[in-house]
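The values are calculated or read from the model by the stated rules, or taken from the named source; none is laboratory data. Nothing here was measured: the structure is a model prediction, and the numbers come from that model. Note that each Cβ is placed from the backbone with ideal geometry, even for glycine, and that neighbours are counted across all protein chains shown.
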Amino acid sequence: MISRLGLIRTPVVSSKRFLSVATQSSTPNTSNSPIDLHPSFHLDDIPDLPFEERVILPYKQYKPYSNHIDQTLTPILMVHGLFGNKSNYNVVGREISRITKHPVYGVDLRNHGDAPHVLPHTYSQLASDLHDFIMDRHWKSVILVGHSMGAKASMILSLLYPELIEKLVVVDNTPHYKPLSKQYEWDLLGMCEVEEKHPDVKDAEGKRVVDVKKVERMLSKYEPDPVVRQFLMQNLLTKPGHHKFSMAKNPHKEVFKTPVMNFYKHGIVPSLGGWPNIGSADKYLKPVLVLSGKKSEFVLPEYYYEFDRYFDDVEYEEFDCGHWISSEKPKEFVEAISKFVTESS
């Protein structure tokens, strides 16, 4: 069977060519930067990641502390965004499962959480990974909930394999090209500088550990929002060098679960503002819920027409918060998704 993901019109390149092309846009634009964005490290010193088209995604089920789960109901699959991981949904995932009685799962996308560190990191590849995950479970269909980067991957999957997606929840992103704020590149560089300059700190047994306070002080030079800094710090490895997929030249310098040095070297973050040419994919005709934050720039009312190009049955709900709706408005987030899941199509 030929994968429908092949309908996405993006250049087919070898791993070496991918690396050389990606590197061309690896340095952030410093024209409007309030800080020095020139890295203290050399890009040529960063070892390249392996090139893998198929990876096994780590996952977990968010089981509620009370209430019975009906395993015959369609699984809900929650997909995190950039620098996120499956633990982001521990609380809201359990609550959605408790209310709806649906089994709820979360995955770590490639290069995030406990997933392998590999290239390429493109939307078509992320969608392919999700497709493989669903097929490996032998699920007939899922209700897909994707945030930010995970939202775009989820939209692509729903367009190419609509029979696999019973309903779709898009959390604060749109199906079109929109450059990411430069703040994301500053955040990435800050994480890279943490890995480059993080001091050796030993615990009582003489093992190297992360100095969390030191990390936050270093990140504050690049990210002014303490809420965002705390989100980035959810990526911290409690014991650096213990990520089993590490390809770092010196794995004991690694501080984050995401290979931030490689993301910087290959321009991964700026590329995530993109949207691929879906080719001949038909409109997705099943229910879609779009959740957005009023204080976020990802989903503005003038972007609604972009959804009409790809989706036939869309409803919108706006929250008085920023980009991280699940953490800023968890109660409302749970209520909106639970209502959408349980209402008849």
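Got a number for residues in region 74-96 being of a type in the set (Gly, Ala, Ser) and either touching a Cys at 6+ places or on another chain (Cβ under 7 Å) or surrounded by fewer than 24 Cβ atoms within 10 Å (Cβ to Cβ) (or both)?
So the answer is 1.
Any residue that is loosely packed, with under 13 Cβ neighbours inside 10 Å, within 27 Å of GLN230 (Cβ to Cβ) and modelled with pLDDT of 95 or more - is there at least one of those in region 36-46?
Checking region 36-46: not a single residue is loosely packed, with under 13 Cβ neighbours inside 10 Å, within 27 Å of GLN230 (Cβ to Cβ) and modelled with pLDDT of 95 or more.
Quick one: in region 258-271, which of the residues that are in contact with a Leu (Cβ under 8 Å, 6 or more places away or on another chain) and crowded, with 22+ Cβ neighbours inside 10 Å is farthest from GLU216 (Cα to Cα)?
If we take residues in region 258-271 being in contact with a Leu (Cβ under 8 Å, 6 or more places away or on another chain) and crowded, with 22+ Cβ neighbours inside 10 Å, then HIS266 is farthest from GLU216 (Cα to Cα).
Could you check, for region 204-222, whether at least one of its residues is in a loop (DSSP other than H, G, I, E, B), within 26 Å of LEU49 (Cβ to Cβ), under 21 Å from the mean Cα position of the chain (by Cα) and at pLDDT 90 or above?
Yes, some residue in region 204-222 is in a loop (DSSP other than H, G, I, E, B), within 26 Å of LEU49 (Cβ to Cβ), under 21 Å from the mean Cα position of the chain (by Cα) and at pLDDT 90 or above.
Can you name every residue in region 252-309 that is closer than 21 Å to HIS112 by Cβ and among the β-branched types (Val, Ile, Thr)?
VAL255, THR258, VAL260, ILE268, VAL269
Which of the residues spanning region 268-289 are at pLDDT 90 or above, under 16 Å from LEU160 (Cα atoms) and of a type in the set (A, V, I, L, M)?
Hits for region 268-289 are LEU285, VAL288.
Might you check whether a residue that is assigned to a loop (DSSP other than H, G, I, E, B) and either modelled with pLDDT of 50 or more or aliphatic (A, V, I, L, M) (or both) occurs anywhere in region 14-32?
No, the conditions are met nowhere in region 14-32.
Please state which of the following conditions PHE83 fails to meet, knowing it meets all the rest: (1) closer than 17 Å to PRO259 by Cα; (2) of a type in the set (Phe, Trp, Tyr); (3) over 14 Å from the mean Cα position of the chain (by Cα).
In the conditions (1) closer than 17 Å to PRO259 by Cα; (2) of a type in the set (Phe, Trp, Tyr); (3) over 14 Å from the mean Cα position of the chain (by Cα), PHE83 misses (3) alone.
Just for helices (runs of 4 or more DSSP H) wholly inside region 259-329: which have at least 3 residues that are among the aromatic types (Phe, Trp, Tyr)?
Of the helices (runs of 4 or more DSSP H) lying wholly inside region 259-329, those with at least 3 residues that are among the aromatic types (Phe, Trp, Tyr) span 304-308.
Would you be able to tell me the number of residues in region 148-181 that are over 17 Å from the mean Cα position of the chain (by Cα) and in contact (Cβ under 8 Å) with a residue 24 or more places away in the chain?
8
Counting only residues that are among the small types (Gly, Ala, Ser) and touching an Asp or Glu at 6+ places or on another chain (Cβ under 9 Å), which one in region 303-345 is nearest to LYS283 (Cα to Cα)?
So the residue we want is SER345.
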